[in-house]
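What follows is a single structure, written as structure tokens, with notes after it.
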Amino acid sequence: MNVLLISCYDLGHQPFAVASASAHLLERGHHVECLDLAVQDFDEEKILGADVVGISIPMHTALCLGVKAGERIRALKQEVQICYFGLYASLNENFLLSGVGDAVIGGEFEGPLVHYVDGLRKKGVSFPGVSIEQNRVMPNLARQEFVKPVRSLLPPLESYSKLIMPDQDRKLVGSTQTTRGCAHRCKHCPIPSVYEGRLRVVQEQVVLADIANLVAMGAEHISFGDPDFLNGVKYSLRVVRAMNKNHAHLSFDITAKVEHLLEYPDVLCELGELGCLFVVSAVETVDDRILKYLDKGHTQKDVIVALHNTKKAGIHLKPSLLPFTPWTTVSGYLDLLNFVEEQGLVYHVDPVHYSIRLLLPPGSKLLKLPEVSAVVDGFSEDDLVHQWAHPDARVDELQKQVALIVESGCENEEDLTVIFAKIKATASGSETDLGVDSLQNLTGPVELRPPNFSESWFC
């Protein structure tokens, strides 16, 4: 079968999911081509030559773009089979199978995707782990043996986000994964709705072979895409120790929960010695009341300790934020900005995170909370989320204003301190002078600033 695999968005990185799926399909003898719409134009020839199109949707942004791509593909070639796979495929199964897609695969998708394509080739009707209109199944969470991802069918690393060092030197970035799923159950996160606290491991030899391939492609930095790199801390350490032994020049970054940054201070020190430049952690907010609603498992005081532990290890902590929720207040938002400023984190936060508003996808565990259900207006097929309105209209208006400031600031390549100051002035309702003097307290020595990706990421 002729299979076209499409990625629409994967945090600015060359997509691991498509590279991995390609390898499994090629191993079964299928002809595979790839298309990354984040960095490539829509290719009608590839569509017309395909019997099956698989669209990767690991996150909400990819879902929205993937639905538009699917509609365009269907209009071009009516008879082509369209299969959506990835985390957000399961969450949006009902919508995707209502006309835009022929099949949906959630969870561990590589094996079921092969079954699906094999079944089409054999004119079969049974697709283990695959939901079709006539037969809905649970997401596939079976452990599987991975094979080394095939990267050569995707655009080169030069096409993707770069790592910008404090001295403005740029590094090529490769992205891989050691695990999928998560051992935790934060209520706002879509992962527990599919994995229910389960963790699935990509075998060590596959991860190391993938890294070696990325290095051969020019990668100087590895971004580990695990939802939480420290869920299986012994395994993670084994991987990065081997990576450092094989490629001592590589730096890397990880994502980890605040509570793990408290639990493993010695591990953080070793990670720093092995080349970890920064850790992304879902701080979300510094309002303990909201953190409890989200079931984050940490407090504002914990964040301060985590900052201490990472700094001691020589690692930057880069918070991801969820500032706008049904419980957010204007004063609480200002508290968050003050915390960022007081802790010297202005250069550690991607501006887009100041504007993020809670997403409520189908299956969100937050929908069961009375405080959330009371403000939900229903599911929107345009935005593919449950719409909600804040009880205080001022909060929703503030979010819109902040989003405009961030968008304009990023387009005009404004310094992060300028964007931050504008946001704070708007939130406080002041006409703060944004001159050099007023921004002086937000800056620090350049060498102490964290590296940043050239493309801000969002969900």
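Derivation of every value follows stated rules applied to the coordinates shown; laboratory data play no part. These figures come from a predicted structure and were not determined experimentally. We place every Cβ from the backbone using ideal geometry, glycine too, and count neighbours over all the protein chains shown.
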Task: Pairwise FRET efficiency - Arg136 versus Gln343, Cβ, R0 = 35 Å, nearest 0.05 - done: 0.15
- [ ] Calculate one ³J(HN,Hα) per residue across the stretch 110-116 by plugging θ = phi - 60° into the Karplus curve 6.51 cos²θ - 1.76 cosθ + 1.60, and present them in order as whole Hz with x for glycine and proline.
- [x] 4, x, x, 5, 4, 4, 5
Task: Derived scalar couplings ³J(HN,Hα) [the stretch 304-312; Karplus, 6.51 cos²θ - 1.76 cosθ + 1.60; whole Hz; x for Gly, Pro] - done: 5, 5, 4, 4, 4, 5, 5, 4, 4
Open item on the list: How large is log10 of I(q)/I(0) for the stretch 2-121 at q = 0.12, 0.16, 0.20 Å⁻¹ when the intensity is taken from the Debye formula with one equal scatterer per alpha-carbon?
Closed with: -0.35, -0.65, -1.08
Task: Label-point separation in nm, Ser159 to Asp396, each point 7 Å along Cα→Cβ - done: 4.0
TODO: Express in nm, to one decimal, how much length is gained between Val330 and Asp41 on full extension, taking 0.36 nm for each residue of separation and deducting their alpha carbon distance.
DONE: 99.9 nm
TODO: Taking a cut-off of 14 Å between Cα atoms, list the aspartates and glutamates near Lys171, but don't count ones fewer than 8 places away on the same chain.
DONE: Glu158, Glu220, Asp253, Glu455
Open item on the list: Cross-link candidates for Lys257: which lysines have Cα within less than 21 Å, leaving aside residues fewer than 8 places away along the same chain?
Closed with: Lys187, Lys234, Lys292, Lys296, Lys301, Lys311, Lys312, Lys318, Lys365
Open item on the list: Which of His30, His13 has the fewest other C-beta atoms within 10 Å, and how do the rest follow up to the most?
Closed with: His30, His13
- [ ] Let me know the Kirkwood hydrodynamic radius for the stretch 223-343, please, with Cα pairs as the basis and the value in Å to one decimal.
- [x] 15.0
Open item on the list: List the residues, sorted by chain then number, that are 5 or more residues from Ile55 or on another chain and whose placed amide H is less than 5 Å from its amide H.
Closed with: Ile6, Cys83, Tyr84, Phe85
Task: Hypothetical label at Ile304: residues of the stretch 250-288 whose amide nitrogen lies under 20 Å (7 Å Cα-Cβ projection) - done: 258-265, 281-288
Task: the chain: relative contact order in percent, alpha carbon pairs under 8 Å with at least 6 residues between - done: 13
Task: Geometric extent, Cα atoms of the stretch 164-236 - Rg, Dmax (angstrom) - done: 14.7, 43
- [ ] Could you work out how far the C-alpha centroid of the stretch 366-427 sits from that of the stretch 256-327, in angstrom?
- [x] 23
Open item on the list: How are the alpha carbon pair distances in the stretch 307-459 distributed across 10 Å bins from zero to the largest one, expressed in percent?
Closed with: 10, 36, 33, 18, 4
Task: Gained length - Glu407 relative to Glu263, 0.36 nm times residue gap less alpha-carbon distance - done: 48.2 nm
Task: For the chain, convex hull of alpha carbons as volume per residue, Å³ - done: 137
Task: Whole-Hz ³J(HN,Hα) from phi, Karplus 6.51 cos²θ - 1.76 cosθ + 1.60, for the stretch 339-346, glycine and proline x - done: 4, 4, 5, 5, 8, x, 10, 4
Task: Beta bridges per DSSP with both ends in the stretch 1-136, % antiparallel, nearest 5 - done: 10
TODO: Assuming R0 = 25 Å, can you tell me the calculated FRET efficiency for the pair Ala389 and Lys68, based on Cβ-Cβ distance, to the nearest 0.05?
DONE: 0.45
